[in-house]
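One structure below.
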Amino acid sequence: MLAGASTALVHHYFSTREELLAEALAHSFELAADERFGEAPDAQRSATRRLALVIDQCMPRPGPQEREWILWVELWLRAVRDPPLRPVAADLYRRYREWVAEAIAAGIESGEFKACEPDEVADFAMALLDGLGIRALLEDPAMDLERVPRLIAEQLAPRLGLEPEALLLADG
């Protein structure tokens, strides 16, 4: 095997292929989540810039971000069919929500954003990111990667008292 483990060793720890795939998927998500959601806020960065980076990092751009998206889709499909995977999905979504909500709360605290409920706005942002992102991942001709962040910014900015352009990266 490419991993350097014998088939016997794999069968010792995993009774089915689905169990092995579930564990591999959970491990991959943990690594991606630690990298993405575990990142400490940068004190030098404005909350607006931080939220723009959150949006940008959640795009299914070719390369690692696209591969992460494919894993998310795989998790969604498997968790629907395999209830023991649902806590894995729930934990990853909790961490995702905390990451987005913390960026929003930082903007409220600094006075950059108008008062709002960070968790509710985070849920709204995640719905936009997931819904529009999946269409871009599927290469929907009506929803390309250039359009997705603009639409998200147009919907999210008014809730925060910003102009949409503030949530778009000039280099993104």
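The values are calculated or read from the model by the stated rules, or taken from the named source; none is laboratory data. The shown structure was predicted, so the numbers you read here are calculated from the model rather than taken from an experiment. Don't worry about glycine lacking a Cβ; one is built from the backbone with ideal geometry, like all the others, and counts go over all protein chains shown.
Structural remarks
- Residue pairs whose Cβ atoms lie under 8 Å apart, separated by 6 or more positions or on different chains, with the first residue in segment 149-166 and at positive phi and the second in a helix (DSSP H, G or I) and at pLDDT below 95, do not occur.
- Residues that are free of Cβ contacts under 8 Å to residues at least 60 places away in the same chain and of a type in the set (Phe, Trp, Tyr) occur at least once in segment 119-129.
- Output for segment 116-134, where each listed residue is under 18 Å from Arg50 (Cβ atoms) and assigned to a loop (DSSP other than H, G, I, E, B): Cys116
- Of all residues in segment 29-82, those satisfying the criterion of being crowded, with 18+ Cβ neighbours inside 10 Å, at pLDDT 90 or above and touching a Leu at 6+ places or on another chain (Cβ under 8 Å) are Thr48, Leu51, Ala52, Ile55, Cys58, Met59, Pro60, Trp69.
- Verdict on Arg95 being surrounded by fewer than 18 Cβ atoms within 10 Å (Cβ to Cβ), outside any helix (DSSP H, G or I) and touching a residue at least 40 places away in the same chain (Cβ under 8 Å): no
- Just one residue in the set Arg50, Arg45 is in a helix (DSSP H, G or I) and among the basic types (Lys, Arg); that residue is Arg50.
- Restricting attention to segment 138-172, the residues being outside any helix (DSSP H, G or I) and under 11 Å from Met59 (Cα atoms) number 4.
- For Leu156, the criteria (1) surrounded by fewer than 14 Cβ atoms within 10 Å (Cβ to Cβ); (2) modelled with pLDDT of 95 or more; (3) not acidic (Asp, Glu) hold in every case but one, which is (1).
Conditions (1) surrounded by fewer than 17 Cβ atoms within 10 Å (Cβ to Cβ); (2) in contact with a helix residue (DSSP H, G or I) (Cβ under 9 Å, 6 or more places away or on another chain); (3) in a helix (DSSP H, G or I), marked per residue:
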{"residue": "Asp91", "(1), (2), (3)": "yes, yes, yes"}
{"residue": "Ala103", "(1), (2), (3)": "no, yes, yes"}
{"residue": "Ile108", "(1), (2), (3)": "no, yes, yes"}
{"residue": "Phe113", "(1), (2), (3)": "no, yes, no"}
{"residue": "Ala136", "(1), (2), (3)": "no, yes, yes"}
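- Among the residues of segment 100-123, none qualifies, meaning not one is at pLDDT below 90 and among the charged types (D, E, K, R).
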